[in-house]
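The values are calculated or read from the model by the stated rules, or taken from the named source; none is laboratory data. If you're wondering where the values come from, they're calculated on a predicted model, not measured in any experiment. Here the Cβ is made from the backbone with ideal geometry for all residues, glycine too, and neighbour counts use every protein chain on show.
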């Protein structure tokens, strides 16, 4: 039983980490309807920038502040230069544009900071801590706390602030929002900035977990099933979906995978997402689209 | 008077058979390319430029039939290419009496079957969410071919190598031969696609793309149409995959058909233009030629100033920038851009100054 | 239809115009004829090494180190000796980003030489690219060097005349590791009943050695379990929990890229003793361990060469190349790292092959067929190693027509938090056990491709 619990909890923690990345997607999709594939590169850019600045000797909190500013600038620049001219284009075109954008950001990151691998030390060790009969990694607990805090902050943002209200209005019906005087451009800019900040947090957590190197941007392929299951436009849904994906993925790898040869972690979440969609075609928490003839 | 009569008759005949004359002219050009090009170009042109260009264009046509003409999104095209390649390899290996062309065809058929299976969810899932089905295919197929050695003739690494490319005792192994094989197959496939698209099947596809509820209302069988699209598209992708493995790379591992290749094909289709048959050719030219072009320029003019790593990053940034530029400029792709420019050129001296 | 015929024609013209140098079919034939007839015009006084390098992308860390070392060694030979017997070495790089298609395009672009200088060999340092250029290299007669990796059965030069998995092939690797584990346990007879796990990267490279491990398990009586980590290996929780459940005494890591540091960290997280984790030849560099931070202390890995700068050849490189500001590395702290030294060794082997070939074919720029002879007759013993300044860095190596590997020995090193420390002497593989397996696999390939085997006893001249 202890083993099962360990796998399950390990999976839940991993799922939270996936959610961290997926939340960035959700924010942008909710506000501007764009599936931002470049989120992965933004995570990489954030991690790389932070690590390179720290290695030059800048103290931790200053480096964090500088990186945050850089991410905000990047996000706003992207929104203005790339996304605005492409408003109202079909989803696929936007998706492709963000794919092209990911090339640019990756190239930029490597031009600025080189292609070396770095370790990232956030001051929390990986050593396990025993709770009952289960050992949990300290770092996982730390990451889970941060993830929960982020989601909590975002929930506050959406439900208690003016910006959050505007955002929900824009997500529900952009034209109506325009009609009541919401400044779409400002909202978009702010949302992208927030997504950039979330990307920074995700970048730091993942960078500490696996090291800061190029394959960090491949995290996005793990976040996709989370997005699909949770529906593209719900932060809470993403969190829940992340937990589901993480847990089932790990359990399947251990119990199912050992029967059929292992290595099923890559495709299992996608099949899970497929089944979820067949049952609920807009994701667990997504909005069903109404079609009119 | 006689002379006028003759010219009149000839002129009328030319008018009447104008369409067929165009076809004949086209056929002659193609035949010239097929037979004449091998004497003009060198290894590099064939092995590294023309063959990947043609194969990617064929894959682009396949994906375009599904996404451009039927409106079903798919991000896992490389998986179907892999199925085609491994299936063709399996047939050629185990039933060596079969001709190579037949093996290719059968590989395409197997890919079509697999494609239909992964196309089933499209009946229920619509819009952007449909990408989950092809993504599942992408990762699952990669895993299957790596995990089960039977597919690669029990090679421990899961790698397959091209069988001897011999058809009717004519050896196509040289770069020129591989080019001719690829060219012939791609041209034939495009002609078939052309016919499909302008037939009732194609019109059904476009109806489903434009508004499938309305299509259902007027009696088009939605599920059958969608599955047809998936099947035909996967057939083309499977064929392209077999060519990619055998005519281009020679040896291929399952990870050679990874998600980056899928994205490449998607790029080709979107940049070239959805819903057109020569769009993929333009897109393939963009994807294949542009990086090489950038690389050659960079190496020639900039290699003194920057080290290769920086050079490469700058090319990447430029490439991404050009993609975005073209998407902003003409979101319907290069095909439309060229058509618009052609129209402008045709009317040029007569248009009023802006 | 004429529309896209037009498009096609335009594309073709654009392509030809852009790549005008490439469109001249006769360029490479000319220089080939000249070399054959023994004439040596001025431009042929240079020997060319095309470099399908990768300096960006996920594996850039390894690429910059390896190609840095390779280029620095070539520069050393030019600067210090004026080339190999007067024939200067030249090279050019073509970025592949470790992507197979680009590796193939680079190969095709560079294979015909540079300004008349013929290509000696290709060194792509990539399994995928090696596989894709294998057939081409054989047709074009240019040796394909896959040092410390590659297709194991290409060791059999009778079936793969132009492919060289120099120094170490994957089978030798794992056999040596098993022998070392045996040593640590007090003798290979003590292996009976022990449990060993192979944690491998989900790719052909990772899977390559499974059959051999199974055979060795049968021979020595230990239990073996193969656990796969799907690419890229960012997440290994479930795999390591399974390992924890099965409780093996040793874990062999066949990793690549990000999989390595994550494996080390996850091992610590699940409580597996890192000093019983042995990394293979592509899990053995500083770049693999550093991101793991403190978790990496006491991690063991194999190496065909020590890291460090104490060797005379490295000191020479420092004197003649690096101190003059011509060093290829951006970050000078990497001088002497595992990848850098691998590049230097690769340089030594390539240049020695050219030197050996020149003894037979004359002191001139050589074609691929001739350098192939050079590789196959490489025989570097301790005396020669001392001359080269690489005693202790490179193992004695002897190739032949039928044996394209030559070495097959490794040493073991342990990470102390700052650098690698050697903890063993040379440990060899069970080559007698492995050779029949290699030959069987090579024969199968030959059958599939309808190839005729070379007769090595008859290979006196070209």
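For the reader, a short list of remarks on this structure follows.
- Of the numbered criteria (1) outside any helix (DSSP H, G or I); (2) more than 18 Å from residue C:419 (Cβ to Cβ), the one residue C:310 fails is (2).
- Remark: pairs (first residue in the range B:196-225, free of Cβ contacts under 8 Å to residues at least 60 places away in the same chain; second residue not in a helix (DSSP H, G or I); Cβ separation under 6 Å; 6+ apart in sequence or on different chains) = B:204/B:220; B:207/B:220; B:213/A:291; B:213/A:293; B:214/A:293.
- Members of the range B:293-317 found to be surrounded by fewer than 19 Cβ atoms within 10 Å (Cβ to Cβ) and either facing chain A (nearest Cβ under 9 Å) or in contact (Cβ under 8 Å) with a residue 24 or more places away in the chain (or both), listed by number: B:294, B:314, B:317
- Boolean, residue B:214 is crowded, with 16+ Cβ neighbours inside 10 Å and either facing another protein chain (nearest Cβ under 10 Å) or part of a helix (DSSP H, G or I) (or both): no
- Of the helices (runs of 4 or more DSSP H) lying entirely inside the range C:158-234, those carrying at least 2 residues that are at pLDDT 90 or above and under 27 Å from the mean Cα position of the chain (by Cα) are C:170-185, C:210-220.
- For the range C:95-119, the set of residues classified as in contact with a strand residue (DSSP E or B) (Cβ under 7 Å, 6 or more places away or on another chain) and part of a loop (DSSP other than H, G, I, E, B) consists of C:111, C:113, C:118, listed by residue number.
- Test: residue in the range C:120-133 that is touching a strand residue (DSSP E or B) at 6+ places or on another chain (Cβ under 7 Å), modelled with pLDDT of 90 or more, assigned to a loop (DSSP other than H, G, I, E, B) and closer than 23 Å to residue C:60 by Cα: yes
- Some residue of the range B:247-255 being within 14 Å of chain A (Cβ to nearest Cβ) and touching a strand residue (DSSP E or B) at 6+ places or on another chain (Cβ under 6 Å): no
- Answer residue from the range C:120-140, given it is within 13 Å of another protein chain (Cβ to nearest Cβ) and more than 28 Å from residue C:434 (Cβ to Cβ) and is surrounded by the most Cβ atoms within 10 Å (Cβ to Cβ) among those: C:140
- Sole exception among (1) at pLDDT below 90; (2) buried (at least 22 other Cβ atoms within 10 Å of the Cβ); (3) more than 12 Å from chain A (Cβ to nearest Cβ) for residue C:306, by number: (2)
- Odd one out for residue C:254 among (1) modelled with pLDDT under 90; (2) closer than 21 Å to residue B:154 by Cβ; (3) buried (at least 24 other Cβ atoms within 10 Å of the Cβ): (1)
- Number of residues in the range A:96-131 that are crowded, with 19+ Cβ neighbours inside 10 Å and assigned to a loop (DSSP other than H, G, I, E, B): the value is 7.
- Residues that are free of Cβ contacts under 8 Å to residues at least 12 places away in the same chain and closer than 27 Å to residue B:248 by Cα, drawn from the range B:173-195: B:173, B:174, B:188, B:191, B:192
- For the range C:235-254, the candidate set comprises residues that are free of Cβ contacts under 8 Å to residues at least 40 places away in the same chain and in a loop (DSSP other than H, G, I, E, B); within that set, the residue that is nearest to residue A:209 (Cα to Cα) is C:235.
- Of the residues contained in the range A:244-261, none is found to be over 17 Å from residue A:28 (Cβ atoms), out of contact with any helix residue (DSSP H, G or I) (no Cβ under 9 Å at 6 or more places or on another chain) and assigned to a loop (DSSP other than H, G, I, E, B).
- Of all residues making up the range A:180-210, the number that are surrounded by 24 or more Cβ atoms within 10 Å (Cβ to Cβ) and free of Cβ contacts under 8 Å to residues at least 40 places away in the same chain: 1
- Residue check for residue B:269: touching a helix residue (DSSP H, G or I) at 6+ places or on another chain (Cβ under 6 Å) and within 12 Å of residue B:61 (Cβ to Cβ): yes
- Test for residue B:68: is it loosely packed, with under 11 Cβ neighbours inside 10 Å and either at the interface with another protein chain (Cβ under 10 Å from one of its Cβ atoms) or under 30 Å from residue B:180 (Cβ atoms) (or both): no
- Selection status of residue A:139, surrounded by 17 or more Cβ atoms within 10 Å (Cβ to Cβ), within 14 Å of chain B (Cβ to nearest Cβ) and assigned to a helix (DSSP H, G or I): no
- Annotation for the range A:230-237: at least one member residue is more than 9 Å from every other protein chain (Cβ to nearest Cβ), out of contact with any helix residue (DSSP H, G or I) (no Cβ under 6 Å at 6 or more places or on another chain), surrounded by fewer than 24 Cβ atoms within 10 Å (Cβ to Cβ) and in a helix (DSSP H, G or I).
- Each residue in the range A:81-116 was checked for being touching a helix residue (DSSP H, G or I) at 6+ places or on another chain (Cβ under 7 Å) and under 17 Å from residue A:42 (Cα atoms), and 20 pass.
- Of the residues examined, residue B:58 is not one that is surrounded by fewer than 24 Cβ atoms within 10 Å (Cβ to Cβ), more than 14 Å from chain A (Cβ to nearest Cβ) and modelled with pLDDT of 90 or more.
- Residue list for the range C:255-284, filter: assigned to a loop (DSSP other than H, G, I, E, B) and more than 10 Å from every other protein chain (Cβ to nearest Cβ): C:255, C:256, C:272, C:273, C:280, C:281, C:282, C:283, C:284
- Close pairs from the range B:25-38: first more than 10 Å from chain C (Cβ to nearest Cβ), partner at pLDDT 80 or above, Cβ under 7 Å, at least 6 apart: B:34/B:180; B:34/B:183; B:34/B:184; B:38/B:176; B:38/B:179; B:38/B:180
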